[in-house]
């Protein structure tokens, strides 16, 4: 019986520590769920961000349109404007940027822009 007393108190401490760690991990995951690259908040409208995030997750224009309650052509236009504003080539670049929370590669102007 004397040996059980220290184990019981250790269980309580361990349980509290485990709960603290799990709570912290859940908090980090929840805060990260809505993250988009910071430059998106500056360059894009809220609607463009919504469409871009869904497209970056692999949804088709029709699927994005259904979720946003708009026409597929509206989604196509939102994404065209998004690509232009972010200077990216398409959905793959959007996906990479969402995953990295930054542009996947630095923007390098075309030679005609440099001269």
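The values are calculated or read from the model by the stated rules, or taken from the named source; none is laboratory data. Computed from a predicted model, the values in this text were never measured in an experiment. Note that each Cβ is placed from the backbone with ideal geometry, even for glycine, and that neighbours are counted across all protein chains shown.
Computed quantities for the displayed model
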{"item": "Meets criteria (under 17 Å from the mean Cα position of the chain (by Cα), under 18 Å from residue 35 (Cβ atoms) and free of Cβ contacts under 8 Å to residues at least 24 places away in the same chain) for residue 54", "result": "yes"}
{"item": "Candidates 73, 39, 47, 84 - the one that is in a helix (DSSP H, G or I), surrounded by fewer than 16 Cβ atoms within 10 Å (Cβ to Cβ) and in contact (Cβ under 8 Å) with a residue 60 or more places away in the chain", "result": "39"}
{"item": "Checklist (1) within 20 Å of residue 37 (Cα to Cα); (2) surrounded by 14 or more Cβ atoms within 10 Å (Cβ to Cβ); (3) out of contact with any helix residue (DSSP H, G or I) (no Cβ under 7 Å at 6 or more places or on another chain); (4) modelled with pLDDT of 90 or more applied to residue 93, failing item", "result": "(4)"}
{"item": "Scope the range 51-70; condition assigned to a helix (DSSP H, G or I) and surrounded by fewer than 17 Cβ atoms within 10 Å (Cβ to Cβ); matching residues", "result": "62, 63, 66, 67, 68"}
